Structure formats: structure tokens, C-alpha cells
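Undergrad: So that we are looking at the same thing, I have put the structure below in C-alpha cells.
The values are calculated or read from the model by the stated rules, or taken from the named source; none is laboratory data. These numbers were taken from a predicted model, which means no experiment stands behind them. Glycine gets a Cβ as well: all are built from the backbone with ideal geometry, and neighbour counts include every protein chain shown. Just so you know, the surface numbers come from the protein's heavy atoms only, side chains and all, with ligands and any DNA or RNA stripped out. Shrake-Rupley method; radii C 1.70, N 1.55, O 1.52, S 1.80 Å.
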Amino acid sequence: MLTAWRKTNARRAARAARAAAYAKEPDAGRRLVEHFPDSLWPKVRQVVAGYAAIGDEIDPQTLLETFALEQARIALPCVVGKDQPLTFRSWTLDQPLEPGPFGTRQPGADHAELNPSLILVPLVGFDLKGRRLGYGGGFYDRTLEKLKQSGPLTVVGLAYAAQKLAKVPAEAHDIRLDWVVTEQGAHQIAP
């Protein structure tokens with residue numbers, strides 16, 4: 001119960017920081033390309049899962065466009081149902097997205113499902129131990145747990161640098177990040 005209360009308060013602070021960062025520089029997502037680690041750059045035909053930014057989330061569009069130009073296969077998350085892991089459907093830059101639950105935008109049901117080996121995760125908050133705050137629904141935790149069971153997976157959180165917290169309250173089921181990339185730099189998380 002105490003951890004849930006701490007997460008709520010941390011979420012509130014991180015969301016305020018994100019809103020302020022977005023108001024100051026709404027196009028900061030374009031700079032993610034400059035800071036994305038060379039060691040993680042996708043190979044040709046590698047499946048990369050991104051996301052369509054909602055509200056004041058840092059926007060990975062330029063990063064996804066760059067990956068697609070270098071022939072990576074792009075997938076976006078789709079909400080299947082409450083308490084279910086996300087699925088990822090193929091997406092190309094010229095394809096429209098459909099409205100999904102919780103204000104999301106996602107590829108239609110006619111797009112092929114793909115299993116990513118590199119996943120870009122939107123964040124509410126993060127710390128440099130790889131702990132992340134999402135929206136509280138557990139979608140990414142369930143998804144990452146499932147994907148890690150099916151093969152190698154690198155999880156990269158994307159955020160504004162202002163969303164960094166000293167310590168994110170964590171629970172046993174919380175899946176940690178491997179990297180965090182912001183508009184100011186990249187942070188590899190020690191194992």
C-alpha cells in the first residue's frame with residue numbers, strides 16, 4: 001500500500017516535469033536520434049517496437065522514421081484488453097493509425113503481429129537504476145515479461161531529461177529498463 005502511494009506521488013511529480021519540458025520544447029523528440037546509442041542501432045529487418053506519442057510524451061517519430069529508412073521493421077503497440085499484454089502490429093510511416101483505448105493510436109487489426117527485439121517505451125518517470133513509472137495499468141510490465149520469455153529483448157525508455165527522479169518506487173513485478181534515452185543523452189543501466 002505504501003509503495004502504491006509513493007508511486008502516485010512520484011507519478012504526479014514526473015507528469016508535471018514532463019508537461020513543463022514539453023511546453024518548453026515540444027519538438028525535443030527529434031533530438032533522440034542524436035543520442036540513441038550506436039550499439040543499439042537496429043539491423044536491417046530487425047523488429048523495433050515504438051509508440052505513437054500521446055499528449056506531452058516525448059515523440060519518437062523522427063527516431064522511428066530514421067530506423068525505417070535504414071530498413072528496420074517498425075511495430076506499434078496495440079491494447080488487446082484489460083489486464084492483457086500488449087501486442088505489436090507492423091506499421092509503415094504512410095499508414096494511418098486507428099483510435100485505441102486510453103487515447104492511444106494503433107495500427108488496424110489487418111496489420112501483421114510482430115515480436116520486437118528492441119522496444120521503445122514511453123515513460124512518466126525513470127531513475128538511473130532502470131526503474132520506470134508508467135501510467136499505472138501494468139500493460140508494459142506484462143508485455144515485457146512475456147517478450148523476455150520468448151527471446152532476447154532490449155528495453156529502452158524514452159523521456160525528457162526532466163522526468164528523471166532520484167528513486168522510482170518499485171515492486172517485484174516491475175520490469176527494469178536496459179537504457180534510457182532523452183533529448184540530452186543516453187544512460188545505460190547497469191545489470
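Undergrad: Taking only C-alpha pairs under 8 Å that are 6+ residues apart, what is the relative contact order of the range 1-82 in percent?
TA: Normalised by residue count, the contact order of the range 1-82 is 31 percent.
Undergrad: Sorting Glu183, Glu70 by accessible area (1.4 Å probe), largest first, what list results?
TA: Highest to lowest solvent-accessible surface, that is Glu70, Glu183.
Undergrad: Further question on the same structure: How big is the accessible area of Lys129 in square angstrom, nearest 10, if you roll a 1.4 angstrom probe over the protein chains?
TA: Looks like 130 Å² after rounding.
Undergrad: Carbon and sulfur together cover what percent of the accessible area of the chain at a 1.4 Å probe radius?
TA: Carbon plus sulfur share of accessible area: 52 percent.
Undergrad: Hey, what's the range 32-191 come to in accessible area per residue, 1.4 Å probe, Å²?
TA: On a per-residue basis, the range 32-191 sits at 48 Å².
Undergrad: Take every DSSP beta bridge whose two residues both sit in the range 80-162, then give the antiparallel share in percent to the nearest 5.
TA: Here the share of antiparallel DSSP bridges comes out near 50 percent.
Undergrad: Length gain on complete extension for the stretch Gln149 to Glu113, per 0.36 nm per residue less the alpha carbon to alpha carbon distance?
TA: 11.2 nm
Undergrad: Using a 7 Å offset from Cα along Cα-Cβ at Asp56, what residues in the range 153-172 end up with backbone N under 14 Å from the label point?
TA: 160-164
Undergrad: Moving on. Using only alpha carbon pairs under 8 Å that are at least six residues apart, calculate the relative contact order of the chain and give it in whole percent.
TA: Contact order relative to length: 25 percent.
Undergrad: OK, next. Quick check: the distance between the Cα centres of the range 115-136 and the range 35-63, to the nearest angstrom?
TA: 13
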